[in-house]
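Written below as structure tokens is the structure these notes are about.
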């Protein structure tokens, strides 16, 4: 079921200790309450899966879904 409202693209950052993944997702500005964009359940599930794969170090999977940044040790 899709929420009624205006659809806009947003870049979300999923952060873990080892990676930051920038992923473009669709947010909905609901007709009933246009004060704040919200995410549909399938988008929330995708963001959760990205976090799981980032914690597991699955870089190849992450690269198919967004832009991956890796933490480096500072001297």
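Got the relative contact order for the chain handy, in percent, Cα pairs under 8 Å and 6 or more residues apart?
32
Please report the spacing between the Cα centers of segment 46-66 and segment 1-35 in Å, no decimals.
17
Let me know the Rg and Dmax you get for the chain when you use only its Cα atoms, in Å.
Here Rg and the maximum Cα pair distance are 14.6, 51 Å.
Sum -39500 (n - 2.57) across every DSSP H segment of at least 4 residues in the chain, then divide by the residue count to get the 222 nm mean residue ellipticity, nearest 500.
Calculated at 222 nm, the ellipticity per residue is -9500 deg cm²/dmol.
For a footprinting-style exposure proxy, rank 42, 65 by other Cβ within 10 Å, fewest first.
42, 65
Starting from 0.36 nm per residue, how many nanometres of slack lie between residue 61 and residue 18 once their C-alpha separation is accounted for?
Net length gain for the segment: 14.0 nm.
Throughout, read-outs are computed from the coordinates displayed, never taken from laboratory work. These figures come from a predicted structure and were not determined experimentally. Every residue, glycine as well, gets a Cβ built from its backbone with ideal geometry; the counts of neighbours run over all protein chains shown.
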